Amino acid sequence: MTSPTSTQAATASWQGDALVINVQVQPGAARDEIVGLHGDRIKIRIAAPPVDGRANEHLIGFLAACCGTRRAAITIQRGLTGRAKTVRIVAPTTIPAVIADVLAGS
């Protein structure tokens, strides 16, 4: 039996008071939403196009709203120019259900 924790640990983890998540972003979607797992990443659809950093800024704003934190508390650590990103969220007050499930190991 394969343990799901190895994939889930790579997908979302706590580093002190910061939540670090690996995401797969789909820019240019009809609406903003956290879809679910996409391989070893959490898939997020955002409406902004991938032009001039607008998708990254929109992703930060969307995650700030979802996690109940300020935009300044969110940084993209890896993947500024690609769809696969590592995002750090400092002191989130709310954890979206998909991310909470991954953290819980379900």
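The values are calculated or read from the model by the stated rules, or taken from the named source; none is laboratory data. A quick note: this is a predicted structure, and the numbers were derived from the prediction, not measured. Heads up, the Cβs are rebuilt from the backbone with ideal geometry, glycines too, and the neighbour counts pull from every protein chain shown.
Tabulated data
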| read-out | value |
| --- | --- |
| Filter result (exposed (fewer than 15 other Cβ atoms within 10 Å of the Cβ) and either free of Cβ contacts under 8 Å to residues at least 24 places away in the same chain or farther than 17 Å from Cys67 by Cβ (or both)) within the stretch 14-28 | Gly16, Gly28 |
| All positions within the stretch 71-96 that are under 16 Å from Arg54 (Cβ atoms), surrounded by fewer than 14 Cβ atoms within 10 Å (Cβ to Cβ) and hydrophobic (A, V, I, L, M, F, W, C) | Leu80 |
| Residues within the stretch 65-96 that are small (Gly, Ala, Ser), in contact (Cβ under 8 Å) with a residue 24 or more places away in the chain and not in a loop (DSSP other than H, G, I, E, B), tallied | 1 |
| Search result, residues across the stretch 37-70 that are buried (at least 19 other Cβ atoms within 10 Å of the Cβ) and out of contact with any strand residue (DSSP E or B) (no Cβ under 8 Å at 6 or more places or on another chain) | Ala48 |
| Odd one out for Ile34, checked against (1) without any contact (Cβ under 8 Å) to a residue 12 or more places away in the chain; (2) surrounded by 14 or more Cβ atoms within 10 Å (Cβ to Cβ); (3) not hydroxyl-bearing (Ser, Thr, Tyr) | (1) |
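Okay, residues lined up against (1) among the aliphatic types (A, V, I, L, M); (2) at pLDDT 95 or above:
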| position | (1), (2) |
| --- | --- |
| Ile42 | yes, yes |
| Ile46 | yes, yes |
| Pro50 | no, no |
| His58 | no, yes |
| Ala64 | yes, yes |
| Thr69 | no, yes |
| Ile74 | yes, yes |
| Pro92 | no, yes |
